[in-house]
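The values are calculated or read from the model by the stated rules, or taken from the named source; none is laboratory data. Keep in mind the model is a prediction, meaning the values are calculated, not measured. Here the Cβ positions follow ideal geometry from the backbone for every residue, glycine too, while neighbour counts run over all protein chains shown. Heavy atoms of the whole protein, side chains included, go into the accessibility calculation; ligands, DNA and RNA do not. Shrake-Rupley method; radii C 1.70, N 1.55, O 1.52, S 1.80 Å.
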Amino acid sequence: PRVCVVGSGPAGFYTAQHLLKHHGGARVDIYEKLPVPFGLVRFGVAPDHPEVKNVVNTFTQTARSERCAYYGNVTVGRDVMVAELQQAYHAVVLSYGAEDNRVLGIPGENLSGVYSARAFVGWYNGLPENRDLKPDLSCKTALVLGHGNVALDIARILLSPLHLLRKTDITDSSLAALACSKVKRVWLVGRRGPLQVAFTIKELREMINLPGARPVLDPADFTGLESAVKDAPRPRKRLTELMIKTALEKPGEKAMEVQAAAPREWGLKFQRSPQAVLPTADGRQARGVRMALTRLEGSGDSAKAVPTGEVEELECGLVLSSIGYRSLPLDPAVPFDTRRGVIPNTSGRVQGVPGLYCSGWVKRGPTGVIITTMNDSFDTAQSVLEDLQVGVLDVSTSREGFGAVENILHSRGVRPVSFSDWEKIDAAEVARGKAAGKPREKIVDPQEMLRLVGH
């Protein structure tokens, strides 16, 4: 059987890995719109979390298998259509992730100084489409809307001492911009309460221990939570206890001196929902955000934030909206639920389109960490294997696979990038990084990548 996977992030690679491991004859081709592979492992994981990027080693082993091939620089839905892939392969798996962000839908969202978390993370991680973002870091206070791990990543990058960032694979230009940053305070604002935050304890602990930055948590936000969290699942309980301890703890004298001297600070604000970004007098720049104060109805993860009618204004010159990523439809031939931002499916089988599958964020929505995506992708791959076994997928007719696609791409003037081409780009990045004392210096211009491999 010939299977094609669209997207080379964790979902795509884990799907391919599972198919190759559990079917001795399957051949898998992975298509990717960028010249370079690995999706959010390369462009989403924070530069100061190198251990999370170790999965790249497993993905590289998969890509080097003789039954697997990688074709970068190919945009499915433009360079080749899904129907054309279906003609060339027995099964097509869509694993192209979430390449957009949810919008706030409030006045002032388009003012200068307001950015989506996705664009900001893409900027410091070298995602080509965000390389020219040039965020304005000339203000003292930044506001991050959202209480997830990405929100904490952004706050940490904004407040991290430069000597720590210099040792990472953060891009050269964003490092230069952060070196001139005037941001000294970051507020992380959420609509709900401390019991509903979506970040994990590892990320919170890292933030609390960040050198040169002190946490500012209001003890009043945590009153009575110890008893409320008694019977909560262990991760939620430990996370809440750490917030309570940080809010209530009176540091010792030595620690107080250190904290008082800390040039930067960050804090969590709860039960506030953004109503509008407020403009400066000239109407161009963000100067603050008007927040509706909320109260919670219900409890636990399902609690809803309801406006109380009270409002407050928070001053800030930089607003980063971290309220989630969003998948986009790829091709009119593929069913898409625009409200939920996913491809309608059952266990990864796309509804009403036999032979078409999906995995990862485009399948279940943009939530979870790499391990969640791994399990989800294995689940989709299992559906493909079952359909092969019971004959839902007819492998009695041979399919040409890349041979057929290559002709289509050639006729449209598209030159794919192979995995060994990527390894040349990789080697160049590592060499540039070494010269600067970093693990790598990412190339951010796709044209430069293509020149490097002789395209």
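Which one of Pro211, Pro161 is within 28 Å of Lys53 (Cα to Cα) and open to solvent by 40 Å² or more (accessible area, probe 1.4 Å)?
When all the criteria are applied, what remains is Pro211.
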Residue in the range 342-352 that is under 26 Å from Phe199 (Cα atoms), open to solvent by 60 Å² or more (accessible area, probe 1.4 Å) and without any contact (Cβ under 8 Å) to a residue 40 or more places away in the chain present: no
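Looking only at the range 306-341, count every residue that is assigned to a strand (DSSP E or B), among the polar types (S, T, N, Q) and surrounded by 15 or more Cβ atoms within 10 Å (Cβ to Cβ) and tell me the total.
1
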Looking only at the range 32-43, filter to residues that are in contact (Cβ under 8 Å) with a residue 60 or more places away in the chain and open to solvent by less than 20 Å² (accessible area, probe 1.4 Å); which one of those is nearest to Thr75 (Cα to Cα)? Pro35
Please tell me if Val414 is under 19 Å from Arg451 (Cβ atoms), β-branched (Val, Ile, Thr) and either in a loop (DSSP other than H, G, I, E, B) or modelled with pLDDT under 95 (or both). yes
What's the total number of residues in the range 165-207 that are open to solvent by less than 70 Å² (accessible area, probe 1.4 Å) and farther than 29 Å from Arg290 by Cβ? 12
So, in the range 112-132, exactly how many residues are of a type in the set (A, V, I, L, M) and surrounded by fewer than 18 Cβ atoms within 10 Å (Cβ to Cβ)? 1
